[in-house]
Structures are given as C-alpha cells and as structure tokens.
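Take a look at the structure set out below.
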Amino acid sequence: MKKYFQFDELGTNYRREIIGGVTTFLSMAYILILNPLTLSLSSVKDFPDELRMDSGAVFVATALAAAIGTLIMAFLAKYPIALAPGVGLNAFFAYTVLLTLGMSWQQALTGVLFSGVIFVILTLFGFREKIINAIPVELKLAVGAGIGLFITFIGLRNAGIIVDNDATLVGLGDLTDGNTLLAIFGIVLTIILMTRGWKGAIFIGMIITTLAGMVVGLIDIPHKIVGAVPSIAPTFGAPFETLFHHTSDLFTVKMLIVVLTFLFVDFFDTAGTLVAVANQAGLMKNNKLPRAGRALFADSSATVIGSILGTSTTTAYIESTAGVAAGARTGFASVITAILFLLSLFFFPVLGVITSPVTAPALIVVGVLMVSTLNEIDWKKFEIAVPAFFTIIMMPLTYSIATGIGIGFIFYPVTMLLKGRWKEIHPVMYVFFFIFILYFIFIL
C-alpha cells in the first residue's frame, strides 16, 4: 500500500494520511445531513409530499456516492481528494429545477446522469485535461486563493460571526451567542495548535471543540450510536424511468438548460477544486496537474453513479484541503474518508454531533493557508492583476466558485489583448471568453 501510494516519494506516512482522511471526512460530513434536507425540499412547507424525494433514500445515496467516488479517486488518481454531492449543485437541483422549472426529481436525476455521461466522454478523449492545462498559471493561482476566501466566508457564516444585514448585506454577528463562542473557541485553539506546529492541528481542534460543545451543552450527546440503514429503493435507478417510460421529457428546452447548467457549473467547480487541492499539497508540476485525466474521470464517473443511486451531481470537495493541511498527500487518505462514509450508514444517529461550529474553524484556517498563493501572482502587471483580482474577489461576493472563474476568464483575454500579448493567449481561453459571456446572459 505504501509503495502504491508513493509514501516515500511524497514524504508521508500512515499516521498523517489517516489523520488527513479523518479530517476531510469531518469537514464534509455535514453533506450527509444537508443533502437529504435540501433535495427533499424540507424547508418548503407547501410542496406536495408525493413529489418530494425520500430523505432516507437520499441519505444512503449521498453516503454511497461519496464513498464510491472517493474510492475511485483514491485508487485511480491517487489524490487526497474526496467527492460527494455538491452543495451549490444540490441547491440548483432543488430550488431551480424542482421548484422554479417544475420538473420532477426523476427528470432532474436524468439531467444529472446526462451531464455525467457527457463528462465521461470528454474525459476519455482528454478534452478536460487539455482544457485545465491550457489555463495560465496566474489564473490557477487566483482560483486557489479565491476558493480560500470563499470557504473562509462560508466558515465565518456557519459560525455566526458573519451574518445577513439589511443595510450592508453582511455584518458582524452576535458574538455572545453560544454556538458562535464555541466556533471562536475552535478557531483560536486551531490557530494556537497550527502556530505551534502540531501535526493534525485542524483535526485535533475539531475533536476538542466537539468535546467542549458537549460539556457546555451546545452539542447533544447522542443517546443512540447505531441505527437501521434506510432503504435506497425509492430513488435507486430513477433516471431510467425517464429514459424508458417518459422519453418525451428528454427533448425539451428545460432539460437542455438543466443538463448544461449541471455540466457547466460542475466543470469549473471541479477544475478549481482540483487545482486548489493540488497546489495546497504541492502536487502541481510545471503548471500541470499530474494524472489530471484520471482525477477528472473519477469525478465524472461519480456523477453518473450518484445519479443512478439517487442524488444530485457528485463532485470534488474543496474541504479536502482541510485533510491536506492536516497532512494528507496521497490517495490513501481518500480511502480512509471513503471508509468513514460507508461506516456513517450505520452510525447515522451520531452525525448530529458534526455541527457548523465544529467544522467552521477548519474552513477558516484552511482559507488562511490557501491565500498564500497570492504572492506568486505578478501584481505589477496590470493585465494579469485585473483578471486575477476579479477571479479571487467574485467567488465569495457571489457565493459561487464558477462565477468567480467566469468573470476572471472574461477579463483575461481582454487585458492581454489590450497589452499586446495576444500570442501568449491559448486558443482555449478565447473559447472560454465566449462561453462565459453566453453563460451569464442566457443561463444565470
């Protein structure tokens, strides 16, 4: 196992990989709770019950899709990157496709399946890998830093430190609130451990924060450890119902919009995540991502598998950077994460322990680490500074990785052309320019 995952070459060991894998799982375990609640539209009280997805089945589909996708990533690409149904994409699935467009969840899953199949085809022919390698290094660095700010913002919001404000959009939250104080405790503790150079500081910080939350009564001590695994039957194979029994639903403008949106957002979210995690782990070589094709195949195949199981688009998770920060460098960490997702099927009652105040410190501290790439961008060259800046700042401000990438990619060929550096622009970047223009006009 050590030889297969190249422990010696990457300077790692079992202890670091296990801690990294566990840290990644703890950082993204919230999806096991969030995804079923989102896809079943639990917050929409007047939505007909007969049209809702079964939350128990979605929970099982979520755990299985995450485990299978992460294992494919582990053994095929050998990266410490975990996969699970994406948060932004599940919101689009529920609130746009189901509520706004009025499509059934079976049709929506068919759209996810189609987008995944298209991704597999593009990946097998090497198009996705070539596209990622065509992106200039400055924009790759900006994507990593932008995602760092984005997940820091998510962490601050989940902690209650940053809240909605009618006058200024965002503002400082109630710092006397118990959960916010618990998150602040976790942030301070993690920073102390990181500053002192403790290995696995993020993981240790989350464990101590959880225990502290239990002591003061902010986190419930689970009364039941093991529970029955819900049935996946209500959602398993649902896309095939549309394919074989409702063929007319496949050839509509609505379905085209759904497929393109799933395809588009996942493409750039995944690309940004892969680049960010690879940079954080020091795996990038000559501005190229080794085994990028395999990593992208793992991502696209996981989407296909997830849609058949009964969940929205499965994608690479930026929370993987928390595991990398805790020491993960190889796919063995992903194996550990996948095993924990499988085990979670039997320990559903204890998942309520993983709350936002526990995971928020990890996201915030990882954001600090990710913005370190900013010093590698040549800010003195205005034609580079403009697209890099917009890529970085628009991710947290629009709450979308894909939007930040899109705006940066629109500005890049414009400023480079105006500076007379047109020969340095890869043809793919011109294609991105027009695609993103159309995306903002017709899809958003």
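The values are calculated or read from the model by the stated rules, or taken from the named source; none is laboratory data. Everything quoted here is computed from the prediction, not taken from an experiment. Positions of Cβ are generated from backbone atoms using ideal geometry, with glycine treated the same way; all protein chains shown enter the neighbour counts. What goes into the accessible areas is simple: the full protein's heavy atoms, side chains included, and nothing from ligands, DNA or RNA. Shrake-Rupley method; radii C 1.70, N 1.55, O 1.52, S 1.80 Å.
In what sequence, highest mean first, do 417-426, 53-62 appear when ranked by Cβ atoms within 10 angstrom?
Ranking the peptides 417-426, 53-62 by packing returns 53-62, 417-426.
Can you run the Rg to Rh ratio on region 111-150? Use alpha carbon positions and the Kirkwood inverse-distance Rh.
Rounded to two decimals, Rg over Rh is 1.14.
Please work out, to two decimal places, the log10 of the ratio I(q)/I(0) at q = 0.15, 0.18, 0.22 Å⁻¹ from a Debye calculation in which every Cα of region 338-444 carries one identical scatterer.
-0.79, -0.94, -1.18
Region 143-226: Rg/Rh from Cα coordinates, Kirkwood Rh?
My calculation puts Rg/Rh at 1.04.
Using a 1.4 angstrom probe on the protein heavy atoms only, could you order Tyr4, Tyr317, Tyr30 from most to least accessible area?
Sorted by accessible area, descending: Tyr4, Tyr30, Tyr317.
Assuming a ≥ b ≥ c are the square roots of the Cα gyration tensor eigenvalues, decide whether region 249-360 counts as rounded (a/c under 1.5), prolate (otherwise, with a/b larger than b/c) or oblate.
Cα axes put region 249-360 in the oblate bin.
Before I look further, what does the chain give for accessible area per residue, probe 1.4 Å, in whole square angstrom?
On a per-residue basis, the chain sits at 43 Å².
Where the accessible area of the chain is counted over protein heavy atoms with a 1.4 Å probe, how much of it, in %, is carbon and sulfur?
Percent of accessible area from carbon and sulfur atoms in the chain: 68.
In Å and from the alpha-carbon atoms only, list the Rg and Dmax of region 272-325.
12.5, 39
Using alpha carbons only, how many angstrom separate the centre of region 244-322 from the centre of region 412-444?
Spelled out, the Cα-based centre of one part sits 22 Å from the other.
Counting only helical runs of four or more DSSP H residues, what would the 222 nm mean residue ellipticity of the chain come to if each run contributes -39,500 (n - 2.57) and the total is spread over all its residues?
Mean residue ellipticity at 222 nm (helix-derived): -20000 deg cm²/dmol.
I'd like to verify something in the chain: which complete DSSP H helices, judged by Cα projection on the helix axis, reach 30 Å or more and average at least 1.0 on the Kyte-Doolittle scale?
137-159, 253-281
In whole angstrom, note down how far apart the Cα centers of region 1-59 and region 96-130 are.
So the two Cα centres are separated by 20 Å.
On the first, second and third principal axes, largest extent first, how far apart are the outermost C-alpha atoms of region 118-267 in Å?
Per principal axis, max minus min of the Cα coordinates gives 56, 49, 42 Å.
Answer rounded, prolate or oblate for the chain, using the Cα gyration tensor with square roots of eigenvalues a ≥ b ≥ c: rounded when a/c is under 1.5, else prolate when a/b is larger than b/c, else oblate.
Here the chain falls in the rounded category.
Taking the highest mean first, how do the peptides 133-140, 215-222 order by number of other beta carbon atoms within 10 angstrom per residue?
Ranking, from highest mean packing down: 133-140, 215-222.
For the pairs Lys78/Lys423; Lys3/Lys285; Lys45/Lys224; Lys140/Lys381; Lys78/Lys224; Lys130/Lys254, flag any whose C-alpha to C-alpha distance is greater than 24 Å.
Lys78/Lys423; Lys45/Lys224; Lys78/Lys224; Lys130/Lys254, as the Cα separations exceed 24 Å there.
Please state, to two decimals, what the Cα-based radius of gyration of region 1-67 comes to when divided by 2.2 N^0.38 Å (N = residues).
Relative to the rule-of-thumb radius for its length, region 1-67 sits at 1.68.
By a straight-distance test (C-alpha under 16 Å), which lysines pair with Lys380 as possible cross-link partners, with residues fewer than eight away in the same chain excluded?
Lys419
Testing the spin-label approximation: label points 7 Å from Cα along Cα→Cβ at Leu175 and Lys419. State their distance in nm.
4.0 nm
Would you give the gap between the C-alpha center of region 352-399 and the C-alpha center of region 148-171, rounded to a whole Å?
14 Å
Quick one: grab the alpha carbon gyration tensor of region 68-199, order the square roots of its eigenvalues as a ≥ b ≥ c, and give me rounded if a/c is under 1.5, else prolate or oblate depending on whether a/b is larger than b/c.
Verdict is oblate for region 68-199.
Based on the alpha carbons, how large is the Rg to Rh ratio for region 397-444 when Rh follows Kirkwood?
Taking Rh as the inverse mean 1/r over Cα pairs, Rg/Rh reads 1.02.
Go through Phe5, Phe125, Phe240 and list them by solvent-accessible area, largest first, probe radius 1.4 Å.
Greatest to least solvent exposure: Phe125, Phe240, Phe5.
Please give, to one decimal in nm, the separation of the simple spin-label points placed at Lys224 and Leu256, each 7 Å out from Cα toward the Cβ.
The modelled label-to-label distance comes out at 4.9 nm.
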